[in-house]
Amino acid sequence: MSLDDDLAAWAASVRLPDTEAAAIFERIVRSPAAASSSSPSVLPARLDPSWWRHFSAGFAARMVASNRPVRVAA
Amino acid sequence: MGTFGPAMDREAEFRRLFEAHRIAVHAYFTGRTADRQSAADLTQDVFLRVWQRLDTVTDLPDERQRAWIFTVARNLSVDAHRHQRTQAGTEQALALARADPPPPASAAVIDAERVAVVGQAIARLPEQQRVTLAMAIAGQLTSAEIAAALGVPAGTVRYRLSLARRALAAALDRYDDPREDQ
């Protein structure tokens, strides 16, 4: 055998088998990550703008309430 | 070309890219990791990114699609687990290389042994030579294609191939005539 023959045999021994390649292909196109990215032109849904106002108001109210002195029971 | 109608068109376009480049990408990672399974895992990671950015890739001219894919391949981080497996595989190959020579055998066995000797010698090559050789032999890419994929001059690719082949020829000479080692 020449070096080229040996290299060709080595290449055949390390090459990704077709069955394994087919399995990789299927895993990619059927994966949940792939499905979620299959429509890249569709923007993800955004929160309603009023969400931030409600959150801010609720957060401020909780902060104020939490800083009130604790009433000591008589 | 960047938008797709039915999902099947998208899948067909991805299949075209996958079939066009999977052998070369796997060969690249075979050279990088010296481990067939790690190479398969990393090949999958690369093509998952291709699938996720399919519009970007298909918008590129054909000659730049390979460059994009290999940029992803080069940038892909090899995590510690894969690194450990690579190290273990390389050490195992080196340990085999140091083993005592086997007794005389049939022609078919000798051929298999020569291929094993070549594989062990490839595992011992400097990484740049190993990657270049793997892309040329297992990946079936020309020097110009390898140069474009790796971002190096074609002359550098040819030089690395020449060094690698010289090292492999020397390893086979030592196998054919062990007395040369003494």
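The values are calculated or read from the model by the stated rules, or taken from the named source; none is laboratory data. Remember, predicted model here, so these are calculated numbers, not experimental data. Methodologically, a virtual Cβ is constructed for each residue, glycine included, from the backbone with ideal geometry; neighbour enumeration extends over all protein chains shown. Heads up: the accessible areas ignore ligands, DNA and RNA and are worked out on the full protein's heavy atoms, side chains in. Shrake-Rupley method; radii C 1.70, N 1.55, O 1.52, S 1.80 Å.
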Exposure of B:Leu161 as accessible area (Å², to 10), given a probe of 1.4 Å and all protein chains: 30
Accessible surface of B:Arg166 - all protein chains present, 1.4 Å probe, nearest 10 Å²: 150
A:Ser66 versus B:Leu60: modelled label distance in nm, points set 7 Å from Cα along the beta carbon direction: 4.9
Exposure rank, largest accessible area first [B:Asp62, B:Asp35; 1.4 Å]: B:Asp62, B:Asp35
